[in-house]
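> What follows is a structure written as structure tokens; I'll ask about it next.
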Amino acid sequence: MELTRLSTSQLQQQRRRIGMIFQHFNLLSMATVRDNIAFPLKLAKLSKAETKKRVDELLQLVGLEQHGNKYPAQLSGGQKQRVGIARALANNPDVLLCDEATSALDPQTTNSILSLLVDINQKLGITMLLITHEMHVIRSICDRVAVIDGGEVVEMGDVVDVFLKPQHGVTRDFVSQVADSFDPRELIATRSGRLIKVNYIGDITYEPLLFNAVKSTTVQFTILQGTVSRMKNTPYGQLVIEFLGEHADIERVITDLRSKGLEVGDLK
Amino acid sequence: MMLKMGNIIPEEIWKATKDTLVMLGVSLLFTIILGLILGVILFLTSRRQLLAQPIVYFLMSIVINVLRSVPFVILMIMIMPITKAITGTTLGVKGTIPPLVIAAAPFFARLVETALREVDRGVIEAAQAMGASRWGIVRRVLLLEARPGLLASITITAVTLVSYTAMSGVIGGGGLGDLALRHGYQRFQTDVMVVTVVLLIILVQLLQMAGDYLVRRFSRK
């Protein structure tokens, strides 16, 4: 549906199918937590009893059962965002838009809000769209990511792919904020062996692939630099390895690694 | 010099006080209704707001500025024909209420506009994102969020109306101002003057205290 072409009242109807949370929460300061959550329900003309029941459910979902009658000024930032989330979910929307939802929060609170979002995502099966400049937010809860530069989508794909193999300059800049970006030139200058870079994603991360590849050969290896970690639930590794040994053996090892699904590139 | 209290007639003072309270109450009520409507329209039609009608805003703004720049005593005299058309008389309590409302409503409308501007834009944006209509935003967001500011505006307007009611004595309005003018000024009865002024001071104090209490009571920040 082309939302920008709708009439005012059609747009109002569609907007009720979309939940939205904001960087600065945007709660009614003069209304209690309950009344804030009830706001979209009143717009949808729910009865008093239904509204009360739904608000109770939502308070429980976001863990604010104790705070229903407080005013936003009496809550912490994280609690305010929980109210925002409850309000956004009130009418069972199809999509939840999170506009820099954690940018005004401290790291611990950010994590608690993120785990709440993941929890809701799994419980309710609702699609979530996060707008953020915080890379760790994307790494910890997103499945797919699109990079926008100057109003254009310049890159889009699974989070693991985009983070490990950024194509666009803007993406590389963003990703380098979180990844241990390394400069291999110094290594290339000082090491004598064959330097290669290995990338791998998925279950093979936890298999002894390197050992298996070299054990029947003369090749020895040293890991010079690297990361082995997880992105959301996907394990991945990025290593810089030096191989020492006979040339033909090293070639065999590399072919072997490639056949197991590793991505191998020469640095020297 | 001891002030002689021989000219005080309690019944007259009481009647004048009652008249002042009636004029104040009725004119405040109409001022709030009219000024609230005008203020909301002013706010909505101003730039980058929900209706954004610069021409409407400009025209309303001029009318309001004109009404606000005319001194109340002159305005009262100028609109006598209108007053007569509405109430049938230009004298007494009834004849005073239309000029009071016409003078105070534009003033109050400006205060309403200012109070609404203080409402966080983000909250309006959130209400729009939730699919609220413009009227829904006015009713459920703007008037609710601006409540402390609106209560303070009503207090200021009420105090202003008290002084306007007193002025209306000049052209034959009723109330304490009329009493002070006829007895205190024209008949040199200083004691009557003092009593009416003290009563007006007490009235203003009470209004201000009540207003301040309500503002505190409804503040959530």
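> Applying the selection to the stretch B:119-135, what residues are open to solvent by 10 Å² or more (accessible area, probe 1.4 Å), outside any helix (DSSP H, G or I), among the hydrophobic types (A, V, I, L, M, F, W, C) and facing another protein chain (nearest Cβ under 7 Å)?
Scanning the stretch B:119-135 gives a single hit, B:Met130.
> Continuing with the same structure: Do we find a residue being at the interface with chain B (Cβ under 9 Å from one of its Cβ atoms) and either within 16 Å of A:Ala90 (Cα to Cα) or exposed (fewer than 14 other Cβ atoms within 10 Å of the Cβ) (or both) anywhere in the stretch A:49-62?
The initial filter retains those residues of the stretch A:49-62 that are at the interface with chain B (Cβ under 9 Å from one of its Cβ atoms), namely none.
Checking the stretch A:49-62: not a single residue is at the interface with chain B (Cβ under 9 Å from one of its Cβ atoms) and either within 16 Å of A:Ala90 (Cα to Cα) or exposed (fewer than 14 other Cβ atoms within 10 Å of the Cβ) (or both).
> Then there's this: May I ask you to list the residues in the stretch B:40-71 that are in contact (Cβ under 8 Å) with a residue 60 or more places away in the chain and under 14 Å from B:Val112 (Cβ atoms)?
B:Val40, B:Leu42, B:Phe43, B:Leu44, B:Ser46
> Now a separate question. Look at the stretch A:12-26 and say how many of its residues are farther than 18 Å from A:Ile131 by Cβ and facing chain B (nearest Cβ under 8 Å). Give the derivation first.
We begin by selecting, within the stretch A:12-26, every residue farther than 18 Å from A:Ile131 by Cβ; these are A:12-14, A:16-17.
Of the ones still in play, those that are also facing chain B (nearest Cβ under 8 Å) are A:12-14, A:16.
Going through the stretch A:12-26 one residue at a time, the tally reaches 4.
This table checks each residue for (1) touching a helix residue (DSSP H, G or I) at 6+ places or on another chain (Cβ under 6 Å); (2) closer than 30 Å to B:Leu44 by Cα.
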residue: B:Leu142; (1), (2): yes, yes
residue: B:Thr155; (1), (2): yes, yes
residue: B:Thr165; (1), (2): yes, no
residue: B:Leu176; (1), (2): yes, no
residue: B:Gly184; (1), (2): yes, no
residue: B:Thr190; (1), (2): no, no
residue: B:Thr196; (1), (2): yes, no
residue: B:Ile202; (1), (2): no, no
residue: B:Met209; (1), (2): no, no
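> Applying the selection to the stretch B:2-43, what residues are within 19 Å of the chain's Cα centre (by Cα) and exposed (fewer than 14 other Cβ atoms within 10 Å of the Cβ)?
Once the filter is applied, which keeps residues that are within 19 Å of the chain's Cα centre (by Cα) and exposed (fewer than 14 other Cβ atoms within 10 Å of the Cβ), the stretch B:2-43 yields B:Gly25, B:Leu29, B:Ile33, B:Ile37.
> Look through the stretch A:32-42, keep the residues that are free of Cβ contacts under 8 Å to residues at least 40 places away in the same chain and not polar (S, T, N, Q), and return whichever of them is surrounded by the fewest Cβ atoms within 10 Å (Cβ to Cβ). Before the answer, list the steps.
Let us first name the residues in the stretch A:32-42 that are free of Cβ contacts under 8 Å to residues at least 40 places away in the same chain, namely A:32, A:34-35, A:42.
Subset that is not polar (S, T, N, Q): A:34-35, A:42.
On the way: A:Arg34: 20, A:Asp35: 19, A:Lys42: 16.
In this case the residue turns out to be A:Lys42.
> Could you check B:Leu59 against (1) closer than 30 Å to B:Gln128 by Cα; (2) open to solvent by less than 40 Å² (accessible area, probe 1.4 Å) and say which number it fails?
(2)
> With the condition being in contact with a helix residue (DSSP H, G or I) (Cβ under 8 Å, 6 or more places away or on another chain) and of a type in the set (Lys, Arg), I'd like the helices (runs of 4 or more DSSP H) fully within the stretch A:1-101 carrying at least 3 qualifying residues. Full working, then the answer.
Values: elements: A:8-15, A:33-43, A:48-61, A:77-89.
Hits in the stretch A:1-101: A:77-89.
> Here is a further query. Looking at the stretch B:173-181, can you tell me whether even one residue there is open to solvent by 30 Å² or more (accessible area, probe 1.4 Å) and touching a Leu at 6+ places or on another chain (Cβ under 6 Å)? Outline the logic, then answer.
Restricting attention to the stretch B:173-181, the residues satisfying the condition of being open to solvent by 30 Å² or more (accessible area, probe 1.4 Å) are B:181.
Filter once more, keeping what is touching a Leu at 6+ places or on another chain (Cβ under 6 Å): none.
No.
> Does any residue of the stretch B:183-204 turn out to be open to solvent by less than 40 Å² (accessible area, probe 1.4 Å), at pLDDT below 90, at positive phi and part of a helix (DSSP H, G or I)?
Initially, the stretch B:183-204 is screened for residues open to solvent by less than 40 Å² (accessible area, probe 1.4 Å), giving B:183-184, B:189, B:191-192, B:195-196, B:200, B:203.
Restricting the remaining residues to those that are at pLDDT below 90 gives B:183-184, B:189, B:191-192.
Cutting the leftovers down to at positive phi gives us none.
No: the stretch B:183-204 contains no residue that is open to solvent by less than 40 Å² (accessible area, probe 1.4 Å), at pLDDT below 90, at positive phi and part of a helix (DSSP H, G or I).
> So, in the stretch A:245-268, how many residues would count as being open to solvent by less than 70 Å² (accessible area, probe 1.4 Å) and either part of a strand (DSSP E or B) or among the aromatic types (Phe, Trp, Tyr) (or both)?
Total satisfying the criteria: 2.
> Hey, another quick one. Return the only residue of B:Leu150, B:Leu111 being modelled with pLDDT of 95 or more, part of a helix (DSSP H, G or I), open to solvent by 10 Å² or more (accessible area, probe 1.4 Å) and within 14 Å of another protein chain (Cβ to nearest Cβ). Outline the logic, then answer.
On the way: B:Leu111 fails: within 14 Å of another protein chain (Cβ to nearest Cβ).
One residue alone meets the criteria, B:Leu150.
> If you go through the stretch B:59-68 one residue at a time, do you hit one that is closer than 13 Å to B:Leu142 by Cβ, assigned to a helix (DSSP H, G or I) and either modelled with pLDDT under 95 or not hydroxyl-bearing (Ser, Thr, Tyr) (or both)?
Let us first name the residues in the stretch B:59-68 that are closer than 13 Å to B:Leu142 by Cβ, namely none.
No, that holds for no residue.
> Something else about it: Restricting to the stretch B:87-105, name every residue that is within 19 Å of the chain's Cα centre (by Cα) and among the hydrophobic types (A, V, I, L, M, F, W, C).
The answer is B:Val93, B:Ile97, B:Leu100, B:Val101, B:Ile102, B:Ala103, B:Ala104, B:Ala105.
> Just need a number here: residues in the stretch A:185-228 that are surrounded by fewer than 15 Cβ atoms within 10 Å (Cβ to Cβ) and in contact with a Ser or Thr (Cβ under 9 Å, 6 or more places away or on another chain).
Residues that pass the stated criteria total 2.
The values are calculated or read from the model by the stated rules, or taken from the named source; none is laboratory data. Model, not experiment: these values are computed from the prediction. Neighbour counts run over all protein chains shown; Cβ positions are idealised from the backbone, glycine included. To get the accessible areas, we keep the full protein, side chains included, count just its heavy atoms, and leave off ligands, DNA and RNA. Shrake-Rupley method; radii C 1.70, N 1.55, O 1.52, S 1.80 Å.
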